[in-house]
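The values are calculated or read from the model by the stated rules, or taken from the named source; none is laboratory data. In this text, all values refer to a predicted model and were calculated from it rather than measured experimentally. Glycine gets a Cβ as well: all are built from the backbone with ideal geometry, and neighbour counts include every protein chain shown.
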Amino acid sequence: MKIYFVASEAVPFVKTGGLGDVSGTLPMHLRNIGLDVDLVLPLYKQIKEGNYPLEKLFSSEIIFGDHLLPYSVHRQENTFFIEQDSFYNREEIYNTPGGDYPDNNLRFAFFSRVALELIYKLGGADVIHAHDWQTALLPVYKNIYYPNSQEKVILTIHNLAYQGIYDAITIPMINIPDSYFNIEALEFYGRVNYLKGGIIFSDFLTTVSPTYAKEIQTEQHGFALEGVISKKRKNLQGIINGIDYDYWNPETDPHITINYGEDSVFQKKENKKKLLAELKTGCSSDYPLIAFVGRLVSQKGIDLIIEIADQLANLPANLIILGKGEKKYEEEIKARALSHPNNIIVLTTFDEILSRKIYAASDFFLMPSQFEPCGLGQLIALKYGSVPIVRKTGGLKDTIQDYHEKTACGNGITYEKQDAEELMDSIKRALLYFPGENYINIQAIGMKCDYSWTSSAREYLSLYRQLTNKE
Ligand code: ADP
């Protein structure tokens, strides 16, 4: 079966978050179970500068707006890259510190349009698998330009909060007929909504956890698309993301000081000592280390962490934050670190190697998310023996079970309500367990969990089979 993934980021080439992890690793695991999967990405500056051995396949052009726009296609093994320098040869992928690139509407419409064209030039497919708003126009273009073709299009929603909403003036600029600007298609409160178009025109929708699949049909989590999504509920499935244990494994991770596994987890604390020394902080390695690695946006609950930071600094514990995001959160959390230099460390960069050291060094991993489609941080943390403290929402609810002392079951600490007091109470409960028998139990249960791609890749395989009636 021939599958094309079309995505705006994928590891190892380019990543800003979970979408990059999934679009890079899932195809590999699908190949391992016999599918023929290729990936299409924009050729960003970061990829050009990455010295990948790209082979140029051809150049062509396409009508875009009112003119012909050239593009070239490059390839490295199973990945095709679309080159159009005026769109993709920029410092960042989506935005500068000042905000989103103002022509993201054109950049990702063009990418979706050319990716579709490329797939047909390459002989078509059984399934085209698009991801998030950036490629959500692909099924719309297919409906316009190839209405009778057999390919099934799946759209995976990794985060419904990002929809690609632009002024109506966009429509003629991206070669979509005016007739698609109506409430049954792309129109959304007088503007154009790429994700809405994708939801309506794809054959099947998936999202990245079963709980999130339910949540996005509610007003609370539906971001005004709950009605449109509910209409498609018979063609909607939540499939939990996996992680790649060859890539995220404390036994083999080359970037951490001491490798360890389930049987040698006592050695983990050497990583904490080394990291705290490396960062030249006043934090004592005798205290439990609570980590947060993630985007500094309200979705991730960073506002609550800021709210409790002073209280936290009075506990016998240290907090380390690695995250980039909204300036106001970066500044506020940095200010807390300045006030409590012996308890709080804040690093506002995107640094994967550092993130690995933090997963390996930390005793607890904090995810107080407002909503969380799947979440990868908690899955990595489990593997690295860092006990997750999470709010029960979306994928966090599906992957982390609260620990019960009586039964000694559960792989983390969970709480219900998104408020600072509940968060603080669960941190205090977690700290009470540390470093005793209960902590050791939770950590051991977590490290044994299997959130590899194996079972999720099989779920995608059965979905592809069901949609295409092919083996
Ligand atoms: P999202 O996709 O919403 O950002 P996920 O939990 O699904 O959140 O995935 C986040 C991924 O990005 C994880 O692999 C996490 O380790 C990584 N990550 C987030 N922020 C940083 C950072 N500042 N430096 C390094 N890695 C980061």
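In the list 202, 209, which residue meets the criterion of being away from the ligand (no atom under 15 Å from the Cβ) and out of contact with any Phe, Trp or Tyr (no Cβ under 8 Å at 6 or more places or on another chain)?
202 is the lone residue from the list that is away from the ligand (no atom under 15 Å from the Cβ) and out of contact with any Phe, Trp or Tyr (no Cβ under 8 Å at 6 or more places or on another chain).
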Flagged in the stretch 1-35 as within 16 Å of the ligand (Cβ to nearest atom) and charged (D, E, K, R), in numbering order, are 9, 15, 21
Do we find that residue 400 is within 16 Å of the ligand (Cβ to nearest atom) and crowded, with 18+ Cβ neighbours inside 10 Å in this structure? yes
Somewhere in the stretch 277-291, is a residue surrounded by 17 or more Cβ atoms within 10 Å (Cβ to Cβ), under 20 Å from the mean Cα position of the chain (by Cα), within 18 Å of residue 381 (Cβ to Cβ) and at pLDDT 95 or above? yes
What are the residues in the stretch 157-192 that are in contact with an Asp or Glu (Cβ under 6 Å, 6 or more places away or on another chain) and either within 16 Å of the ligand (Cβ to nearest atom) or in contact (Cβ under 8 Å) with a residue 40 or more places away in the chain (or both), if any? 158
Every residue in the stretch 334-368 that is surrounded by 18 or more Cβ atoms within 10 Å (Cβ to Cβ), within 14 Å of the ligand (Cβ to nearest atom), of a type in the set (Phe, Trp, Tyr) and not in a helix (DSSP H, G or I), please. 365
Just for the stretch 421-471: of the residues that are in a helix (DSSP H, G or I) and among the aromatic types (Phe, Trp, Tyr), which one is modelled with the lowest pLDDT? 453
Among the residues of the stretch 243-296, write down those that are under 29 Å from residue 12 (Cα atoms) and among the aromatic types (Phe, Trp, Tyr). 245, 247, 248, 260, 292
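How many residues, within the stretch 440-458, are under 21 Å from residue 208 (Cα atoms) and exposed (fewer than 14 other Cβ atoms within 10 Å of the Cβ)?
3
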Does residue 274 count as part of a helix (DSSP H, G or I), within 16 Å of the ligand (Cβ to nearest atom) and surrounded by fewer than 21 Cβ atoms within 10 Å (Cβ to Cβ)? no
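Which of the following residues is out of contact with any Leu (no Cβ under 6 Å at 6 or more places or on another chain), in contact (Cβ under 8 Å) with a residue 24 or more places away in the chain and of a type outside the set (D, E, K, R): 70, 27, 42? Outline the logic, then answer.
Details: 70 fails: in contact (Cβ under 8 Å) with a residue 24 or more places away in the chain; 27 fails: out of contact with any Leu (no Cβ under 6 Å at 6 or more places or on another chain).
From the options 70, 27, 42, the qualifying one is 42.
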Please indicate, with yes or no, whether at least one residue in the stretch 320-330 is over 28 Å from residue 403 (Cβ atoms), surrounded by fewer than 22 Cβ atoms within 10 Å (Cβ to Cβ) and away from the ligand (no atom under 14 Å from the Cβ). yes
Going through 444, 381, 430 one at a time, which residue ends up being over 22 Å from the mean Cα position of the chain (by Cα) and closer than 18 Å to residue 291 by Cα? 430
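Here is a yes/no grid of residues against (1) among the β-branched types (Val, Ile, Thr); (2) surrounded by 20 or more Cβ atoms within 10 Å (Cβ to Cβ); (3) part of a helix (DSSP H, G or I):
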site: 175; (1), (2), (3): no, no, no
site: 179; (1), (2), (3): no, no, yes
site: 183; (1), (2), (3): yes, no, no
site: 214; (1), (2), (3): no, no, yes
site: 219; (1), (2), (3): no, no, no
site: 241; (1), (2), (3): no, yes, no
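Would you please name the residue that is nearest to the chain's Cα centre (by Cα), looking only at residues in the stretch 384-397 that are among the aliphatic types (A, V, I, L, M) and within 12 Å of the ligand (Cβ to nearest atom)? Spell out how you get there, then give the answer.
Filtering the stretch 384-397 for residues among the aliphatic types (A, V, I, L, M) gives 387, 389-390, 396.
Then keep just the ones that are within 12 Å of the ligand (Cβ to nearest atom); that gives 390, 396.
Working: 390: 17, 396: 13 Å.
By that ranking, first place goes to 396.
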Please pick out the residue among 243, 258 that is at pLDDT 95 or above and not polar (S, T, N, Q). 258
Could you list, in sequence order, all residues of the stretch 381-420 that are assigned to a helix (DSSP H, G or I) and on the phi > 0 side of the Ramachandran plot? 394
Considering only the stretch 409-439, state which residues are surrounded by fewer than 17 Cβ atoms within 10 Å (Cβ to Cβ) and closer than 25 Å to residue 286 by Cα. 425, 428, 429, 432, 435, 436, 437
Counted residues in the stretch 52-67 being farther than 17 Å from residue 122 by Cβ and either part of a loop (DSSP other than H, G, I, E, B) or in contact with a Ser or Thr (Cβ under 7 Å, 6 or more places away or on another chain) (or both) come to 4
Just need a number here: residues in the stretch 36-48 that are β-branched (Val, Ile, Thr) and either within 16 Å of the ligand (Cβ to nearest atom) or in contact with a Pro (Cβ under 6 Å, 6 or more places away or on another chain) (or both). 1
When the residues of the stretch 279-313 are narrowed to those that are out of contact with any strand residue (DSSP E or B) (no Cβ under 9 Å at 6 or more places or on another chain) and free of Cβ contacts under 8 Å to residues at least 24 places away in the same chain, which ends up nearest to the ligand (Cβ to nearest atom)? 280
State which residue is surrounded by the most Cβ atoms within 10 Å (Cβ to Cβ) when the search covers only the stretch 22-51 and only residues that are touching a strand residue (DSSP E or B) at 6+ places or on another chain (Cβ under 7 Å) and either part of a helix (DSSP H, G or I) or of a type in the set (Ser, Thr, Tyr) (or both). 23
